[in-house]
Amino acid sequence: MFVTCKATRLILHTNLFLIAFHKRIREGIIMNFHILVIIILFLPSLFLQSEPESKELFGKKFSHLDHLSTGQWWKRARPPEVPSKKGKPPKRIIELKVPRDEVVAFALYTQDRGILKLTGQLYPLMPNEPRSVRLEIKEGTKWKEISKVQVTYPGWSAHFRIKNWNSSMDTPYRVRHGKRASFNGTIRKDPTDQETIVVGNLSCNSSRTKGPRPQIIENLKLIDPDVLFFAGDQTYHHTEHTAGWLEFGLQFRELMKDRPTITIPDDHDVGQANLWGESGIQATSPEGNSGGYFYPIPYVNMVQRQQTWHLPDPVDPKKLKRGLEVYFTRLRVGGIDFAILEDRKFKSGPSGKIPSMGPRPDHINDPSYDRNAVDLDNLVLLGDRQLKFLSTWSQDWEGAEMKAALSATAFCGAVHIHGHPNNRLLADLDSNAWPQKGRNKALRELRKAWAPHLCGDQHLAVLVQHGVESYRDGPFAFTSPAIVNTIYGRWWRPENEKPGLRPISNSPLPWTGDFKDGLGNLITMHAYANPENRQNELKRADGFGVARFNKRNRAITFECWPRFAKVTDGDNAQFAGWPVTVKMADNDGRKIMGWLPKLVFSKKNQVVQIKNLKTEEILYTVRINGNTFHPKVYSMDPHEVRLGENGPETQFLTNCNPVKDPAKAKVLSVNL
């Protein structure tokens with residue numbers, strides 16, 4: 001309706017003007033031919049109406065937000081050789097005024113349970129251009145339009161949701177605008193028949209280093225991941241997200257167009273140095289430590305819409321304070337079930353809630369501080385809604401053989417030095433290491449599904465195994481390196497420069513083993529990739545991660561590749577200490593105290609749930625591998641065993657007492 005009304009209004013005004021102009025020519029009022037030509041040339045611009053300016057969208061206080069892409073944006077899209085009126089070069093991220101057959105910049109999609117969701121990202125449009133965008137798929141030799149939507153403004157994104165999607169075959173698609181603009185890609189079939197599902201794990205795309213990322217693109221094309229995960233900080237252009245998002249899209253569109261892609265925003269994407277979202281309250285500054293969001297919620301929602309609308313629908317879409325939208329959800333690709341979390345959005349801000357013990361409210365440098373003083377009961381990390389989601393997700397195995405959790409940052413402080421090599425910091429409250437109680441609640445939920453965790457944010461690649469009650473009893477977690485590490489360096493370097501207890505055997509790295517982070521959380525360091533020299537772009541320890549989920553062996557292999565490596569050189573080209581392979585069951589490393597009866601199934605790969613009846617705690621719910629499973633337990637209490645095709649649908653044993661010797665456990669046949 002918006003486009004139709006605007007176009008009709010333009011035609012009406014133009015016709016009225018021409019009638020009046022023709023009358024005056026006949027009357028001899030206008031005689032100069034040159035004036036006539038000038039008026040005709042500039043006639044359309046007299047009636048063009050642009051979308052609202054930033055001050056109308058976000059308020060006068062924030063009239064600079066997304067300013068390069070709003071309102072009469074084309075007047076601000078000056079090339080570098082054209083100075084501003086003040087003689088300064090224009091602020092320029094990328095060229096926004098592109099040839100009009102290129103206005104569809106890129107697309108990204110996911111599909112799950114018969115629903116395809118795809119976002120087409122456009123450059124800003126001119127007022128006289130249509131605001132409709134079409135999605136077409138190729139059937140045989142012909143293209144067929146399957147959906148038509150209006151461009152969403154601000155943000156210039158177009159969103160398609162297609163039901164009853166056939167995920168059993170590759171489908172070419174194109175996103176079209178007008179008569180000439182098109183962006184093409186392929187929606188891959190769901191690779192359920194593949195033995196191994198490959199995840200590309202990336203984060204922290206420094207905007208200080210402009211231009212393409214050719215080495216990373218080339219390497220990832222060779223690796224050919226089944227799904228891409230960008231963990232946040234896709235752009236550091238804090239107040240110009242649309243232009244920064246377009247810059248990111250141009251850098252990675254050759255990968256994203258042909259495979260499911262998960263993008264989630266982190267603090268810099270929404271314009272903040274750090275983010276403790278506190279359910280959407282108003283932050284007092286972009287530093288964020290008061291809790292909340294500093295910039296207006298319509299701007300934050302725009303960022304989230306551009307980056308996350310194409311994900312499966314939120315599992316619990318209720319909005320938060322001030323209308324802040326949520327996106328936490330799940331995505332299944334090839335039998336791997338990903339829980340996509342928002343670890344910033346609900347988290348409490350530290351300022352005013354805990355004692356100050358460092359140069360900033362979120363930094364601690366006093367080694368004698370009481371860890372319990374900052375771990376208060378009223379502090380929130382994931383929040384009740386996401387913990388409830390994880391509890392449900394861990395027990396629902398429909399379409400899943402293995403599970404993993406994805407979020408922005410790590411559940412530990414696996415960093416000693418921040419910013420520059422001489423800046424040692426004991427604890428940083430920006431990561432999910434704090435609050436500790438919230439951290440442990442989240443890890444217990446992941447442990448119940450034997451699910452590892454993938455994240456980014458830290459500008460330092462590490463692979464750790466978390467400890468909750470004791471070392472090595474929790475899930476593994478892989479933090480990817482920064483894509484380009486020119487913003488903020490970090491290093492793992494224990495102050496005594498000694499390994500922890502039980503260092504990793506045969507590791508080439510000197511500081512592996514069991515440690516406590518600065519908040520007292522238990523971690524086992526398996527591998528890390530410190531920058532050697534941040535002044536040398538070949539030694540900044542930037543690059544990307546890969547996680548390979550082998551469904552046949554129920555194993556996960558973590559890889560960590562330098563930015564300028566060649567994957568064709570083999571594993572020796574990875575950062576020292578990688579690759580690392582762990583079993584799915586290793587994500588629950590609690591000490592085994594007893595064994596329940598061994599189960600022999602008539603059907604393969606069933607779901608088994610074990611529950612401690614004394615504590616009422618569900619210990620784990622997993623899809624087994626094959627026909628046999630011997631349940632381990634962590635106490636001699638009576639337990640319940642539930643079984644099913646896709647979840648714990650049927651009670652099989654109750655008040656079952658474990659035995660200490662697995663060889664003495666009974667063997668029971670299960671015929672479901």
Rounded if a/c is under 1.5, else prolate if a/b is larger than b/c, else oblate: which is the stretch 227-347, with a ≥ b ≥ c the root eigenvalues of its Cα gyration tensor? oblate
Rolling a 1.4 Å sphere over the protein heavy atoms, what is the accessible area per residue of the stretch 539-672, to the nearest Å²? 45
With equal scatterers on the alpha carbons only and no solvent term, can you work out the Debye log10 of I(q)/I(0) for the chain at 0.06, 0.07 1/Å? -0.38, -0.50
With +1 on each Lys and Arg Cβ and -1 on each Asp and Glu Cβ, how big is the dipole of the stretch 626-672 about its Cα centre, in debye rounded to the nearest 20? 220
Shape verdict for the stretch 288-351, please, from the Cα gyration tensor: rounded (a/c under 1.5), prolate (a/b greater than b/c) or oblate. prolate
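When Rg is the radius of gyration of the Cα atoms in the stretch 430-501 and Rh is its Kirkwood radius, what does Rg/Rh come to? Intermediate results must be reported in sequence, preceding the final value.
Working: Rg = 13.6 Å, Rh = 13.7 Å.
For the stretch 430-501, the value is 0.99.
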Dividing the alpha-carbon radius of gyration of the stretch 575-623 by 2.2 N^0.38 Å (N being the number of residues), what value is obtained? 1.56
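Could you grab the relative contact order for the chain? Cα pairs under 8 Å, six or more apart, rounded to a whole percent. Before the final figure, lay out each step's value.
Details: 1620 pairs, mean separation 64.3, N = 672.
Relative CO of the chain lands at 10 percent.
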Kyte-Doolittle cut-off -0.5, length cut-off 15 Å along the helix's own axis using Cα: show which whole DSSP H helices in the chain pass. 2-26, 33-47, 241-256
Can you compute log10 of I(q)/I(0) for the stretch 389-462 with the Debye formula, treating each Cα as one identical point scatterer, at q = 0.13, 0.22 Å⁻¹? -0.46, -1.00
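Is the stretch 463-555 rounded, prolate or oblate when judged by the Cα gyration tensor, a ≥ b ≥ c being the square roots of its eigenvalues, rounded requiring a/c under 1.5 and prolate requiring a/b larger than b/c? Walk me through the numbers before you get to the answer.
Working: a/c = 1.90, a/b = 1.23, b/c = 1.55.
In terms of gyration-tensor shape, oblate.
So, by mean Cβ neighbours within 10 angstrom, what's the order for 95-106, 343-354 with the highest one leading? Write out the running numbers ahead of the final one.
Details: 95-106: 16.8, 343-354: 23.1.
The packing order, highest mean first, is 343-354, 95-106.
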Checking rank on 290-296, 189-195, with mean other Cβ inside 10 Å and highest first, the result is 290-296, 189-195
Share of accessible surface on carbon and sulfur in the stretch 300-359, whole %, 1.4 Å probe and ligands ignored, is 53
Magnitude of the Cβ-charge dipole of the chain, K/R +1 and D/E -1, about the Cα centre, nearest 20 debye? 1600
What ranking do 119-132, 405-418 get when scored by the average of other Cβ atoms within 10 Å per residue, highest first? 405-418, 119-132
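Please pull out the direction-averaged projected area of the stretch 543-672, using the convex hull of its alpha-carbon atoms, in nm² to one decimal place.
Working: hull surface 39.7 nm².
About 9.9 nm², averaged over all directions.
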How high is the relative contact order of the stretch 498-542? Use alpha-carbon pairs under 8 Å, at least six apart in sequence, and give a whole percent. 24
Under the definition of Cα pairs under 8 Å and six or more residues apart, what whole-number percent is the relative contact order of the stretch 198-261? 44
Centre separation in Å (Cα based) which lies between the stretch 151-200 and the stretch 103-142: 8
Trypsin sites (Lys or Arg not before Pro) restricted to DSSP loop in the stretch 578-647 with at most 14 other C-beta within 10 Å: LYS591, LYS603, LYS604, LYS614
Using a simple charge model, +1 on the beta-carbon of Lys and Arg, -1 on the beta-carbon of Asp and Glu, nothing else, what dipole does the stretch 301-352 show about its Cα centre, in debye to the nearest 20? 240
Distance check, please: which entries in LYS138/LYS189; LYS75/LYS179; LYS437/LYS632; LYS142/LYS179 exceed 22 angstrom between their Cα atoms? LYS75/LYS179; LYS437/LYS632
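Rounded to the nearest 500, what is the chain's calculated 222 nm mean residue ellipticity when only DSSP H runs of at least 4 contribute -39500 (n - 2.57) each, over all residues?
Numbers: 8 runs with 109 residues, N = 672.
The helix contribution divided over the chain gives -5000 deg cm²/dmol.
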For the stretch 242-380, dividing by residue count, accessible area per residue (probe 1.4 Å) in Å² works out to 30
Which pairs, out of LYS117/LYS210; LYS611/LYS666; LYS603/LYS660; LYS318/LYS611, put more than 21 Å between their alpha-carbon atoms? LYS117/LYS210; LYS603/LYS660; LYS318/LYS611
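Pop out the carbon and sulfur fraction of the accessible area of the stretch 567-626 as a percent, whole number, probe 1.4 Å.
Ligands and nucleic acids excluded, carbon and sulfur reach 49 percent.
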Extent along principal axes [Cα atoms of the stretch 66-215; Å; largest to smallest]: 61, 36, 25
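The values are calculated or read from the model by the stated rules, or taken from the named source; none is laboratory data. Because the structure is a prediction, the values reported are computed rather than measured. A quick note on method: Cβ atoms are made from the backbone with ideal geometry, for glycine too, and the neighbour counts reach across all protein chains shown. Remember, those area values only see protein heavy atoms, side chains included, never the ligands or the DNA or RNA. Shrake-Rupley method; radii C 1.70, N 1.55, O 1.52, S 1.80 Å.
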